[in-house]
């Protein structure tokens, strides 16, 4: 049910993105869609490590894009289209009603009589309860994890030492 809802929201943000004109609104829509895709990826892989890293990398790129766009279109007015808002909310409501009607697990979850069974079924739907991350830090793979941590630390130190403080890629602000 959650995945169908996220698919619906991703579809709606794609439609909204195609109808936008202002670059900051496009960036915000892209950020929302990235968050939804990262959440969906975390639900599919039953662990959120990959989606967390993907989100952080994409957020770094979005910050650079945001700085560039704000320097180009700093005085442009931002208007919200009433037609686009009504259209997207109508599509969202229709698709959500279809998801609720067609999803049998959600309807069976709503119409159960015993509340304790409802709570236990809710916990069985959560993907974190079916996978343990202890294998990542146990004997065969702990050397790889420690190697990756050391590599990232050394890379961080090297990048900080190489970077010149006053000769960056961005223009100077007066």
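We did not get these values from a lab; they are worked out from the coordinates using the rules stated. Computed from a prediction, not measured in an experiment: that's the story for all the values here. Virtual Cβ from ideal backbone geometry, glycine too; neighbours counted across all protein chains shown.
With neighbours defined as other Cβ atoms within 10 Å of a residue's Cβ, the residues 161, 46 order from fewest to most as 161, 46.
Between residue 89 and residue 59, full extension at 0.36 nm per residue minus the direct alpha carbon distance yields a gain of 8.2 nm. When the Cα gyration tensor is reduced to axis lengths a ≥ b ≥ c, the ratio a/c is 1.5 or higher for the range 1-42, and with a/b not above b/c it is classed as oblate.
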